[in-house]
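Structure first, commentary second.
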Amino acid sequence: MDTSTTTAITLREPRDLIAWVPYHLGFRPRDSLVLAAVRRTGREFRIGLTARLDYPPDTATGLSQAAANAYAHALDPDRQANAVIAIIYSDLNLEEQGDQAKASARLLEEALETAGREAFDVFWVGEHGWGSLLCDDAACCPARGRPLEQLTDSSVSAQMIFAGQVAAASVAEMLELPAVSEARRESVAKAALLAADWRRSEIVQGRHEMWAARSIDRWRDAMQRFQNGTEPAASLLGRLAVALCDSWIRDAVLVDIAGWGGRSGDDEAEPDLVKAVATRGGGPEVTRIAAGIAGALDEPPAESRLRLAERLLRHCAACFDDEHRPPCLTVLAWIEWARGHGSAAGHLLDQALQIDPEYRLAVLMETAVSNALMPAWVMQPR
């Protein structure tokens, strides 16, 4: 299941919300039910908690009562909403299955109302059209649906594209790693071997803290290079590959990505705080920030940092060999989890666990994702 936080949107017509969903998730849902908790004030509303759930691809038999009841409680954590909008993504042939589909929508509507929610509407989006399943006016919502161009050409779609947002065709496409040459992968692998030898030497000489602090400097250097459009050298990526295998440095990188502990108005965490986590330092602020890694803070990570780190880590994952890839994939999964994107996080965790079934953080996160346990900040209105 995917869940995400509150977003301010002006409702001009239903298609605005439907057009926004793929950009919000990062991919175009298929065989899915998206539920959005709505807090309405006149013609403006806030989208609260949203959830994407798998929806049976074979809808010929309709929606069962048990399934409708389960779906209706997906937004229980958000008690501030006064309505719910549901969107079914399925290649329904409404001319053949219209009665059954509308019956399923009514069943979902009743289940939502039993759960204490008003069903604002239940929409469907198919391969060739979209419309409301609660509307019986053929002039408004014809059986074949309205043209999909009404969604793709909407003002919301234009705003998303202008803001640089994209909607991939699927989760797999969204998470596809960038192409890198075999020569670059080999160079990074050789650099990682040298970096591993250097790390062992530093530990033997009692300089682990110094090595950890320098590793954070190198992580930040790579972030800065990526921000400036410069590809990090293979030697730098090799050192990062080894550093991320250290759980303390990996956790410090998560803190740096989230931007917690920074100055007011600054998306970056204080370098000394990040290094304190990497070197196993203590103190109340370190303890507070460490709780954020487990999702226990109400403060959401800085999206600008998440995006930059995601770009860098996707490049790293494409360059690293299997020995060094699980930490990188798991941190990428954490970024998606921090956004409330359970499907994307689960996909990345599957990749990490296929390489190392016992990688601890991936195992813990997989348990959380499979039980729809999301960070505290995902549940907070903004």
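The values are calculated or read from the model by the stated rules, or taken from the named source; none is laboratory data. Not measured: the values here are computed from a predicted model. Virtual Cβ from ideal backbone geometry, glycine too; neighbours counted across all protein chains shown.
Between Arg207, Arg185, Arg250, Arg200, the distinction of being of a type in the set (D, E, K, R) and closer than 27 Å to Leu364 by Cβ belongs to Arg250 only.
Going by the structure shown, is Cys135 farther than 18 Å from Arg39 by Cβ, of a type in the set (A, V, I, L, M, F, W, C) and at pLDDT below 80?
On the way: farther than 18 Å from Arg39 by Cβ: yes; of a type in the set (A, V, I, L, M, F, W, C): yes; at pLDDT below 80: no.
No.
Does Ala344 qualify as being among the aliphatic types (A, V, I, L, M) and modelled with pLDDT under 95? It is true that Ala344 is among the aliphatic types (A, V, I, L, M) and modelled with pLDDT under 95. Residues in the range 218-233 that are in a helix (DSSP H, G or I) and either touching a residue at least 12 places away in the same chain (Cβ under 8 Å) or of a type in the set (Gly, Ala, Ser) (or both): 8 in all.
For the range 289-321, the tally of residues that are modelled with pLDDT under 95 and under 19 Å from Ser247 (Cβ atoms) stands at 8. Taking the criterion of being loosely packed, with under 12 Cβ neighbours inside 10 Å and either assigned to a helix (DSSP H, G or I) or under 27 Å from the mean Cα position of the chain (by Cα) (or both), the only residue of the range 204-216 that qualifies is Val204.
Would you list the helices (runs of 4 or more DSSP H) that sit entirely within the range 256-354 and hold 2 or more residues that are touching a helix residue (DSSP H, G or I) at 6+ places or on another chain (Cβ under 8 Å) and among the β-branched types (Val, Ile, Thr)? Spell out how you get there, then give the answer.
On the way: elements: 271-278, 284-293, 303-319, 325-338.
Per the criteria, 271-278, 284-293, 325-338.
Does Ser215 satisfy the criteria of being free of Cβ contacts under 8 Å to residues at least 60 places away in the same chain and either of a type in the set (Phe, Trp, Tyr) or assigned by TED's automatic domain parsing to the domain that holds Asp322 (or both)? Before the answer, list the steps.
Values: free of Cβ contacts under 8 Å to residues at least 60 places away in the same chain: no; either of a type in the set (Phe, Trp, Tyr) or assigned by TED's automatic domain parsing to the domain that holds Asp322 (or both): yes.
Against the criterion (free of Cβ contacts under 8 Å to residues at least 60 places away in the same chain and either of a type in the set (Phe, Trp, Tyr) or assigned by TED's automatic domain parsing to the domain that holds Asp322 (or both)), Ser215 does not qualify.
Taken as a whole, the range 359-367 holds no residue that is under 22 Å from Pro232 (Cβ atoms) and surrounded by 22 or more Cβ atoms within 10 Å (Cβ to Cβ).
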